Structures are given as C-alpha cells and as structure tokens.
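> Pasting a structure below so you can have a look.
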C-alpha cells in the first residue's frame with residue numbers, strides 16, 4: 001500500500017489528538033541522488049509509532065531519535081545527511097546524495113494548520129504552507145491569496161507544478177499541496193484496463209467513463225470509479241480542473257469531441273486522444289468547426305502516448321503514463337527536445 005502525504009499528515013493530527021507528543025520531519029532540500037524528494041515527510045509519535053520516510057530507510061533511525069528529542073524539548077532543528085557525513089554513512093545513505101531534514105514538534109496551532117491544509121486538498125483547492133526555518137513561524141496561503149505576497153511568482157510556479165522547496169534566500173520552506181491527480185479515462189477499452197491498474201501505484205484518482213454499460217463495469221475496473229454515461233452528462237458533475245488529466249481511448253467522436261471541449265475549457269493539464277494522425281486530423285477539423293481555437297487544439301496529445309514502439313495494451317498504457325507525467329512536470333520528451 002502506498003502511503004501518501006495526506007496519510008502522513010492525517011496521522012500527525014490523529015496522534016496529537018490522542019494525546020501523544022508528535023514531531024514531523026520534512027525533507028526541505030536535496031542534492032545529487034537523494035533517495036526521497038523534497039517535501040517528503042516522516043511523522044513520529046512519543047509512543048514510538050512512525051509513518052512515512054525521508055530517506056527510503058537510510059537515515060530514518062537518526063531522524064526518529066532527533067524527532068523524539070524535539071518532542072521533549074520543543075526545539076526544531078535542521079539536520080543534514082550526506083555521503084561524507086559519518087552518521088549518515090553509518091546509517092546507510094550511500095547513494096551519493098545529500099539531504100536537509102527539518103524536524104519540528106507539532107503543537108495545537110500547527111495541528112490546526114495541517115487540518116486546514118487537508119481541507120483544501122479534500123476540496124481540490126491548491127494551497128501552500130510556508131515555514132520559516134529559523135523561527136519556526138508558519139502561514140497558510142491559498143491560491144487566491146498569492147497576489148499580494150512578496151514571493152508571488154515563485155509560489156504560483158510551485159503551486160502549478162506541485163513542487164515544494166526553499167524560496168529565494170533559503171530561509172523559508174514552501175510546502176506545496178495540490179489536489180490529487182485525477183485521471184479520467186474515456187472509453188473502457190483493454191488499454192484502459194491496463195492504464196487503470198498502473199495508476200494505482202501512482203496514487204491517482206482514476207475514473208472510467210463509457211456509455212456502454214457492458215464495458216464500463218466494476219468487474220473490469222476493480223478499485224476505480226466507473227460511470228456508464230455519456231461524457232456530456234458525467235463531466236459537469238465531476239468538476240474538471242487543472243489537476244485533472246483526460247485520456248480518450250474510445251476512438252469514438254461522440255465520446256471524444258465533447259470530452260475534449262470540456263477538458264480544454266477547464267484547462268486540464270493533460271489531454272490525450274487515441275487514433276492515427278489521419279483520425280486526429282479529422283478530429284481537429286470537427287473541433288475547429290465547433291469554434292475551438294488553434295492554441296487550444298495544440299494542447300491535445302495525439303496520437304496519445306510517447307512513441308516507444310508500443311504494441312500491446314500494457315505497453316501503450318506505459319507510453320500514456322510517461323507522456324502524462326511529462327506534461328505534469330512540463331518536461332518535453334527527448335524526441336521533442338531533439339526536434
């Protein structure tokens with residue numbers, strides 16, 4: 001089972017409310033081949049319980065000791081581990097990387113901030129939690145409150161990409177929390193089945209939409225929400241947003257066209273459509289006739305997936321996921337970079 005950031009922060013709140021002393025360790029900076037990305041958490045309770053990871057196991061024991069001390073003293077601390085650090089080497093951080101980990105005790109005020117952050121996530125609203133690493137002071141900013149902030153441009157970029165990190169100057173850590181990536185798969189095909197299985201590992205919320213009730217069944221898509229309706233009926237209820245990806249696998253204009261129009265209007269970060277280049281040319285002609293601008297049409301990935309010579313449904317699903325992840329990080333594929 002994949003433990004998400006939401007699970008870890010919820011555990012911190014839950015353990016605190018049960019009367020335990022609680023500390024939260026967060027990776028705030030990395031260099032080289034660090035084992036865990038910036039923003040990774042490890043929560044530790046005074047009764048010895050812990051959840052999450054800041055190093056994939058390399059320095060967890062050391063961090064837990066520091067967390068237990070932080071619970072006792074209330075003093076936050078910034079820890080650095082690297083291959084040249086004797087403690088980290090003994091603990092097993094031999095990957096050649098270096099990490100900075102901020103450890104702090106959770107109090108009632110921080111518990112409330114974490115709860116507010118979780119409420120924003122549950123409502124699919126982006127938010128960012130700022131921590132002054134020197135004073136420990138925190139403030140929560142919602143996406144609509146960034147306009148007056150000194151770090152506005154930097155914060156907007158971090159929210160758009162969902163990337164946590166130190167702000168310019170290095171003293172303030174920005175924990176960017178964005179809604180869970182949601183993947184809408186239009187067309188309950190064999191490719192959709194393979195894609196749905198793979199997204200579980202990535203902690204996506206995956207929803208299958210297909211008006212053909214014989215295909216859109218829970219038995220074919222265990223663990224996924226399945227909606228046996230036309231997209232023009234289902235999509236308005238789902239509330240598409242910039243953290244939603246849409247994969248059109250039906251190869252059917254009556255499903256593809258209204259879905260693409262809705263996804264473009266909502267600024268979904270990824271829109272991919274199955275079909276040959278000839279099929280896509282006809283699709284573009286239909287969408288132009290419906291009044292969709294060329295700049296929006298250029299956002300459609302078609303034929304869907306990175307060209308890796310995929311043949312089987314599983315291989316095609318891998319190519320789609322790779323393209324989706326690249327779109328999420330706004331990274332061009334090697335073939336696009338070489339063009």
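The values are calculated or read from the model by the stated rules, or taken from the named source; none is laboratory data. As the structure is a prediction and not an experimental result, all values here were calculated from the model. Cβ sites come from the backbone with ideal geometry, for glycine too, and all protein chains shown count toward neighbours.
> Out of segment 114-137, which residues are under 29 Å from residue 61 (Cβ atoms) and crowded, with 17+ Cβ neighbours inside 10 Å? Explain how you work it out, then say what you get.
Of all residues in segment 114-137, those under 29 Å from residue 61 (Cβ atoms) come to 114, 117-118, 129, 131-136.
114, 117, 118, 129, 131, 133, listed by residue number.
> Now for a separate question. Would you check if there is a residue in segment 117-128 being within 24 Å of the chain's Cα centre (by Cα), at pLDDT below 95 and more than 22 Å from residue 6 (Cβ to Cβ)? Working first, answer last.
Of the residues in segment 117-128, the ones within 24 Å of the chain's Cα centre (by Cα) are 117-128.
Subsequent filtering for residues that are at pLDDT below 95 retains 117-128.
Now drop any that are not more than 22 Å from residue 6 (Cβ to Cβ), which leaves none.
For segment 117-128, residues within 24 Å of the chain's Cα centre (by Cα), at pLDDT below 95 and more than 22 Å from residue 6 (Cβ to Cβ): absent.
> Of the conditions (1) modelled with pLDDT under 90; (2) assigned to a loop (DSSP other than H, G, I, E, B); (3) more than 27 Å from residue 234 (Cα to Cα), residue 159 clears all except one; give me its number.
(2)
> Looking at segment 82-92, is at least one residue surrounded by 19 or more Cβ atoms within 10 Å (Cβ to Cβ), modelled with pLDDT under 95 and more than 23 Å from residue 15 (Cβ to Cβ)? If you could, list the steps in order and put the result at the bottom.
Start the filter on segment 82-92 by keeping residues that are surrounded by 19 or more Cβ atoms within 10 Å (Cβ to Cβ), which leaves 82, 88.
Filter once more, so that each one left must be modelled with pLDDT under 95: 82, 88.
The next check asks that each one be more than 23 Å from residue 15 (Cβ to Cβ); those that pass are 82, 88.
Yes; the residues of segment 82-92 include at least one that is surrounded by 19 or more Cβ atoms within 10 Å (Cβ to Cβ), modelled with pLDDT under 95 and more than 23 Å from residue 15 (Cβ to Cβ).
> How many residues are surrounded by fewer than 17 Cβ atoms within 10 Å (Cβ to Cβ) and more than 19 Å from residue 73 (Cα to Cα) when one looks only at segment 18-41?
From segment 18-41, those surrounded by fewer than 17 Cβ atoms within 10 Å (Cβ to Cβ) are 18-19, 31-33, 37; that's our starting set.
From the residues that got through so far, the ones that are more than 19 Å from residue 73 (Cα to Cα) too are 18, 31-33, 37.
So the count comes out to 5.
> Which of the residues that make up segment 171-184 are touching a residue at least 40 places away in the same chain (Cβ under 8 Å) and either part of a loop (DSSP other than H, G, I, E, B) or out of contact with any strand residue (DSSP E or B) (no Cβ under 9 Å at 6 or more places or on another chain) (or both)? Let's see the steps before the verdict.
Applying the first criterion (touching a residue at least 40 places away in the same chain (Cβ under 8 Å)) to segment 171-184 yields 172-184.
Matches in segment 171-184: 178, 179, 180, 181.
> Considering only segment 202-220, state which residues are closer than 13 Å to residue 185 by Cα and surrounded by fewer than 22 Cβ atoms within 10 Å (Cβ to Cβ).
If we filter segment 202-220 for residues that are closer than 13 Å to residue 185 by Cα, which is where we start, we get 204-211, 215-216.
Listed by number, the residues that qualify are 204, 205, 207, 211, 215, 216.
> Pick out the one residue from 44, 59 that is surrounded by 18 or more Cβ atoms within 10 Å (Cβ to Cβ), modelled with pLDDT of 95 or more and either closer than 19 Å to residue 174 by Cα or over 19 Å from the mean Cα position of the chain (by Cα) (or both). Walk me through it before giving the result.
On the way: 59 fails: modelled with pLDDT of 95 or more.
Answer to the check: 44.
> Quick one: residue 68 ticks every box in (1) more than 23 Å from the chain's Cα centre (by Cα); (2) modelled with pLDDT under 95; (3) surrounded by 13 or more Cβ atoms within 10 Å (Cβ to Cβ); (4) in the same structural domain as residue 13 (by TED's automatic domain parsing) except a single one, so which number is it?
Status for residue 68: all satisfied but (2).
> Sticking with this structure for a sec: For segment 224-304, which strands (runs of 3 or more DSSP E) that fit wholly inside it have 3 or more residues that are surrounded by 18 or more Cβ atoms within 10 Å (Cβ to Cβ), modelled with pLDDT of 95 or more and not assigned by TED's automatic domain parsing to the domain that holds residue 121?
Numbers: elements: 225-227, 244-248, 270-273.
The qualifying strands (runs of 3 or more DSSP E) are 244-248, 270-273.
> Would you mind stating whether residue 194 is closer than 25 Å to residue 271 by Cα and assigned to a strand (DSSP E or B)?
On the way: closer than 25 Å to residue 271 by Cα: yes; assigned to a strand (DSSP E or B): no.
No; evaluated as a whole, the condition is false for this residue.
> Does residue 136 count as touching a helix residue (DSSP H, G or I) at 6+ places or on another chain (Cβ under 8 Å), within 15 Å of residue 28 (Cα to Cα) and outside the structural domain of residue 77 (by TED's automatic domain parsing)? Even if it seems obvious, please write down each step before you answer.
Details: touching a helix residue (DSSP H, G or I) at 6+ places or on another chain (Cβ under 8 Å): no; within 15 Å of residue 28 (Cα to Cα): yes; outside the structural domain of residue 77 (by TED's automatic domain parsing): yes.
So residue 136 does not fit the description; no.
> For segment 185-198, give me each residue that is touching a strand residue (DSSP E or B) at 6+ places or on another chain (Cβ under 6 Å) and surrounded by fewer than 20 Cβ atoms within 10 Å (Cβ to Cβ).
none
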